[in-house]
Every structure is written in structure tokens, then in C-alpha cells.
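Working notes for the structure below.
Only the coordinates and a few stated rules stand behind these numbers; no lab work does. Because the structure is predicted, anything quoted here is derived from the model rather than measured. All Cβ positions, even for glycine, are placed from backbone atoms using ideal geometry, and neighbour counts span all protein chains on display.
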Amino acid sequence: MTRRARRVMFAFDATPPAHRTRRRARRRALPIGFVALCACWLCRERTRERARESDDVRLQSKKSRSFVEPCIGGRLEASTADEPESIRFATFAFARNAGKRWSVESTKTALRLMYSSLARSQARKPPRLHVYTDTPDVIPIETTFGTEVDVITHACDSHSFPANAYTNVGPWAALSRAKLDAVEHVMTAFGARVIWIDLDTLVFVDLGQTFRQSSSWVVGYQRGAHCEGMRACFHSAHSSVRPEFDALGDLWSLDRETIAKVRDFERRRITSSARTPPKYDLQTYYGQMLEEEMLSSDVLLHKLLPGHNFGFFCSNFMHPTVENLELSIDEEGNLVCPRRPDVKMGERVGAISFTAKTFQSMFSADGDVFETIAHRGARRWLRDWFYGPIATGSNGSARPGVDKNVDSKPKTDHERMVFTSMKPSSARYDDADIVSVKRWYGRLGNRVRIFATMLEDALVRGCHVRILDDMLPGWKSENTFFANKQIDGVRNKRARRCRKLSGRRWYDTYLKSKDALRQQKGFADDRMSIADGSIVTDAISHYFETNMTHAFGRSCESVGDDVLAVHVRAGDIVSGSYSRWTGHFVAKEPSKHTTYGPFPTSYYASVQSYASESALQVRVFCEDLNNPTCMFFQQLAAVLPNVTMRLGRDLISDLVEFNCASRVAFSYGSFRDALVLRNRPLRTHDFFFDRNEAETTCSRASRGSSARHRRYFFALKSDEIEYRESIRRNNWRNTARQRHLVDKHYQIGFVECENRGEDFFG
């Protein structure tokens, strides 16, 4: 259109120019206003959504002390100041926006297992762990073995960490580098020493020992042949390090000075030169700094804890898998893996690192049986470490789980841990679904058998078990409720069949089951040991806080491997005295236990002979000196340096020492069941009256067991007949003649039971 034509057109428009300008402005304002209105609405909705999410986070975090967004620099909740020597742990548990490596469920499982390994191994009970997470409900309520947790939750978005050299690489890489920021944050806020631990790392040694030698440490020897010459790992760094300086980022501790050195190294090598950062962040930094002597080689963890190994050592420096993870048990009951050529790490496992992928493939939510571990003994060791009772006084020597007497018998589905022990306050079950006892009957041996009978009854009827906390005078157990995992969370349709009986009626039930067993072929004598059933033994061990390295919450380290513990039944069945008027022995009262005729002293003399030949220390446990056998050992102790009497001590001390011994000799009576709470010892000694009985029990006791058994018997048939007729026909009265027959000399024979289990001991 020409200029003249436009003038003509406008000449026909009567609207003044000012009005036309305002009209055009209004027309433009309509879409702008609409857009602005939409933006305001979206902003308001987003604000409301964030508020709801924040409320959810606060609700989810009520079970632990929590922090709010952002991860670094936010408001800190008041906390009790730590002692200068205190140690805290820190980790990430991000299930969203962190590289999609962890799901919520796998994060929850890994965090619980990792923390439980710390709770078992560290001197501080419970250890304090800082968890940075976007999903607070992954925080465990308790450990795998039922103890409390001490977790401080930092609820935040993984993207809120300060930008770093890996921000543009990807969310996982940036988050991995942010470990340094998190450790510095905890260190600054609380003034404590901080150990970083990855979610997929399990610890079996007290790491607090390291700080006696160094304030900073890292793990070396980690890549092996996976990164030849290290160039593939370092990428643009174009540097290689010696194998021992090949560091790991899963487990480390740095003081403030060392953190400053790491930041300076990153600034000079990466950020200032705009180089592409190496594939592995902090571990690359550590390795190169070790090589260039910016960090001393003395900070390597295996030098601070000699004899132990860490990281990927047990998988030959490759990512652990079912096929390459080589775990086993040594002769002292330690978890070990084979030595590697030219690697200066010990055999004992201090910590094992996995990857997110390998951890999730090997440990699931029901990983209490550790079926992915090939070695039977190692599988049992881990099971006891994570699910056995925790004992006080652990020195964190990577042994609280299992000792050298580990049972190598493979666990079938029926034999796995069925009952989970817990405090009554944490048990939420209908009373109709619970087997219980109203009051105890008899002494400790009877009570243990009552408990065992209740557990067996609960297995058959589909019930849980609740017992009294005073089974043993002087021992107060917190774990008196045992949930049956086979029916856990499922309403018991046979609830009316869950019995609540007195101790006497439960004991009568045991006697009936024993009589039924007596009718079976191969059942010898009238004794049945609770050790024959692992389900029952596991539950009773939890009640008494007894495992392969601890008994009744006390460490077994004071009891050497060369100890033979001998129990001699005394007390009520042999009480009495000699009359000052007639000179004859008079029983205190007629024996209530007419079937408890004691074993002959000659059996114990044969055990003592074995101990002398094997250069063993013999500890004899007697309640008093009323049994003639106890008087026999009292005389031996006066002349033989390897014999020590344990006379009239408190019962718990005796039980601790007996259950910690690697070799045991049994007496007769129900009390024997309280003496075998640990897995079978290295060797047992027991008495049976004839060779046939001894051999029959051998075949049963040795099946699937790594222990050795020696069974004693009367060598002469005439001696056996006399002893049975005079003492063992439900006729024990503790008379003078009977006591003479107990102390009389007999020829004793024995058989060695064939070991049919996997032999770890040579």
C-alpha cells in the first residue's frame, strides 16, 4: 500500500488516533494478562504442592532427628555436642533423582544391613549415622538383630548440594562427588570425626581403632586388572598410580586439613584448567594424591588395621558377584578370604564393598539366610552376625557372629530361622495366637526343656511364643516374645489351639514327646538334646544372648581354645552327710529324682586321661562337693596343674565359661541342655552304658556336624549290669552303697564318632 493510499484510508476512519492507540493496547493486554494469570495459578499450585511434600517429609521423619532442605546449609536441629574423640558415620540414601541406581525398597534393605553391620562391629553402641535422603521412610526402625538405631536424617533433594566438577556429567556423578561436602557439613556442625560409608558397604571391624594412629585414612588396592595402568579409570588425568594407591570411594575418613588438600587438588587439576573430570571422582583424587605424596601412604586402611582386608579384596578386585565372592571361615572362626599375590592385605575381612547393582542382586529383603554366599560356614557366619543376638562387651574384632565351632550343616527351608525374638512392647499380636507359660517348673534344665517344648508346639500349631523373663535367676532377658515368621502378619485360623499352660503341664508334654521318640528305632536311652533342632536352639540362644563368640552377653575371649569344661551333677541329687554317731552316710532327704543316677567317676577319669594326653586345661564345674566325683577332682586339682575346680560359683559365670569352651564333658540330667546353647563345640564327651548305645548315638550326633564326639561305656558287661540294676532302674536314693558304686573303679571303653560334616579344623 502506498503512502497516499494509507492517508486516504485513514481519512475515512472517524476514530481519533489516541483512541485507536488505547484500543490496540487493550487488545495486546488480553493475552498477556491471561498468561500472567495462568502463571500465577501454576505458581500457587506448585507452592501448595511443595508445602504438602514438606509436610509429608516432616511426618516421615518423626522417627529420627531430621534436617530440612537444602542438604547443605539448612537449619540444623539442636543436638548434643559430641566428645572430641567421638565418631559419626555419614551416607547417602537417595532413592529418587540420583541416577536411578536404587529403588525405595532396595535402599531400605541396604541401609538396614549396612547400619546393622556398624551396630555389631563398632565400640559405640549404637553408632550414630547421618543419612542424607529424599525418602525418609527408608530409615530403619531397628537393626536386623532388634536393637535400637541412632540415625540423624537429613531430608533433602539430591540436587541441592553445591555445584561441583561433576554437575554437568550427570546426577549420580555429581552426587558421588558431593560426599566430600556432606562429610565436611557433619564435621563442621557437630565437631566430630566422620567416617564416610557407602550404602553398599558392610563393616566387620571396629573402625574407631584407626584414629589412634591417623586422623585420615582411605582404602587402597581396589581396581586391580579392571583398569589396566589406571589410564582407563583416570581418563583425562592421564596418570597412573601404583596398585596399592588405587583408592576406593566407598569407605574413608578425612580430617579438615586433608579435605582442604583434596579441594585444592581438584581446583588445580580439574576446574581451573576446564579439564573433563576423571570417571571416578574422589577415589581418583585420593589415588593420585597418594602417588604424588600429597597424602602419606600411612593413611591406607590396611596399614592401620593389619591383618584385615577391605573393599573388593574378597572378589579379587572385581565387582562382587555370586561367582567371584570368595568367603570362608578360618580355624579361629573368623570370616576370611584368600590372600592375593603381591597385595599386602590380611585374610580377615574388615569390610566388603559392593556396587548398587551387585548388592541388590546378592541381598534382597529376605536376605537373612544369605543364600548367595557359596561357602556354608561363611553363610552361617553372616547369618549369625546380622540376625544373632548382640552381646555387650564386643571388641569389634570381626568375630561376634560365629566362632570356630561353626555348624557347617546346610540349612533347609525348615531349618532356617523361624522365630524372631523381640521385646514384648514391640509385639503386636492377638493373644489368641500366642503360646505362653503361666509359671516355671523345676530348675534351669527343666525350664529350657519347657521353652523348647513350647517352641516345637508353636511350630506345629502355627502360633507365636511368649515366655517369662526369669528363666534363669540373675538373668533378665528383654527378648521374651518370639514371632513365628511362618505366620507373621497372617491371622491364625487355628487360634484356639495356641495353648497357655503351667510349667508343669508343659514339662509333662515334653515327657510324652520323649516317650514317643523312645519308641522310634535308634533312640538311645531316655535323653533328648535340644541341640538336635536348630530352630529351637536359635530361639533359646537369642533369649540368653549366646552365640559363637559370646555367652549370656559376655565375651568368650577369656576362655582359651585349649579348655575342656567338665560338668558334674551335684546339688539336690547327692546332698547329705555322714552321721557323727553311726559313721554312716545319711541322705539329706529321699531323692525326688530317682531316675538321675549319676555317671560313674571312672568315666570322668577317662576324660581326664584324654585331656592330659591332649595337653588341655580342665575346668571342673561342681555346685558343691556332695558328689563323690567332685571330691575326686578336688584331689586331682591339688596335684595336677592343668585341673582347676569351679566350685560353688554363681550359675551365670559357670554357664558363660562352659558355653565358651571348645570341648565339653557332660553329666546326666536336664541341665545338659543349658550347657549347649552355642553351636556344637569342637569335641564333646558323653557316657552311655554299653557300646551299642554309644555307637547308635554317634551316627545321629555326627550327621551334618563339624564337631567330633567321643562316647564312653562300660568295657565289661558285668559292670554295666551291676550299675544299671543298682543305680539306673528308677531307684536312685543316694544311699551309701549307691555312692560307693558311683566311685568304684570300672574299665571304661570309648568310640570316636565319625565326623560326617564339613571339617574346617583339620
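Here are a few things to note about the model shown:
- Between Glu331 and Lys744, the FRET efficiency from the beta-carbon distance, with R0 = 35 Å, is close to 0.30.
- For the stretch 287-334, GluC sites (Glu not before Pro) are listed when DSSP marks them as loop and at most 13 other Cβ atoms sit within 10 Å of their Cβ; the list is Glu292, Glu293, Glu323, Glu331, Glu332.
- Relative packing of peptides 685-694, 126-135 - highest average C-beta neighbours within 10 Å first: 126-135, 685-694
- Cβ-derived FRET efficiency at R0 60 Å, Asp430 paired with Ser215, nearest 0.05: 0.65
- For the pair Glu257 and Ser653, the difference between a 0.36 nm per residue extended length and the Cα-Cα distance amounts to 137.7 nm.
- Burial ranking of peptide ranges 725-731, 739-745, 657-663 (average Cβ count within 10 Å, highest at the top): 657-663, 739-745, 725-731
- Relative packing of peptides 195-201, 282-288 - highest average C-beta neighbours within 10 Å first: 282-288, 195-201
- Approximating the spin labels as points 7 Å out from Cα along Cα→Cβ, the Val751-to-Glu722 distance works out to 2.5 nm.
- Simple label model, 7 Å out from Cα along Cβ direction - Glu148 to Thr321, nm: 4.4 nm
- Between Ala715 and Ala123, the contour length at 0.36 nm per residue exceeds the alpha carbon distance by 207.8 nm.
- One decimal place: the segment Ala605-Asn642 gains 11.9 nm when fully extended, by the rule 0.36 nm per residue minus the C-alpha distance.
- Too-long pairs where the Cα-Cα distance tops 20 Å, listed order kept, from Lys438/Lys476; Lys512/Lys588; Lys108/Lys357; Lys279/Lys357; Lys179/Lys279: Lys512/Lys588
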